[in-house]
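Everything below concerns the one structure shown next.
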Amino acid sequence: MKIDVIKKEISAVVNISGRFDAIGASEFDAHITERENMNCPVILDFENVNYLSSAGIRSIIKLLKAQKKNGFEILFVSLN
């Protein structure tokens, strides 16, 4: 799985591509933990995700809880 984070002025765009399975979820968690305090809304772009497992959903929920705790939202785009 490939993860690119593009920090904008008022948000961070996270482009995800590949399989968001258990291995991808582990990569996602590690990648997001490095940037845990983004202090802005996060836009998750799923345009190039071809598989999403329950482990991937768990990682997304973990990020959602952290964002809500800090008073920010997550927006989902290009869901299939």
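Which residues, taken from the range 1-18, are assigned to a loop (DSSP other than H, G, I, E, B) and either open to solvent by 20 Å² or more (accessible area, probe 1.4 Å) or within 11 Å of L63 (Cα to Cα) (or both)? Show your work before the answer.
Of the residues in the range 1-18, the ones assigned to a loop (DSSP other than H, G, I, E, B) are 1, 8-11.
The answer is M1, K8, E9, I10.
What is the residue count in the range 19-51 for residues that are among the hydroxyl-bearing types (S, T, Y) and part of a strand (DSSP E or B)? It would help to see each step written out before you state the result.
As a first pass, look at the range 19-51 and keep what is among the hydroxyl-bearing types (S, T, Y): 26, 33, 51.
This time we only want the ones that are part of a strand (DSSP E or B), so: 51.
The qualifying residues number 1.
If I ask for residues that are open to solvent by less than 100 Å² (accessible area, probe 1.4 Å), within 19 Å of G18 (Cα to Cα) and part of a loop (DSSP other than H, G, I, E, B), which ones from the range 52-80 would you list?
S53, S78
For the range 19-51, what are the residues that are open to solvent by less than 30 Å² (accessible area, probe 1.4 Å), touching a Phe, Trp or Tyr at 6+ places or on another chain (Cβ under 8 Å) and either modelled with pLDDT of 90 or more or among the aliphatic types (A, V, I, L, M) (or both)?
F20, F28, M38, V42, L44, F46, V49
The values are calculated or read from the model by the stated rules, or taken from the named source; none is laboratory data. All figures in this text were calculated on a predicted structure; none of them were measured in a lab. Please note: Cβ atoms are built from the backbone with ideal geometry, for glycine as well, and neighbour counts cover all protein chains shown. When the accessible area is computed, the model is the full protein with side chains, heavy atoms only, and any ligands, DNA or RNA have been set aside. Shrake-Rupley method; radii C 1.70, N 1.55, O 1.52, S 1.80 Å.
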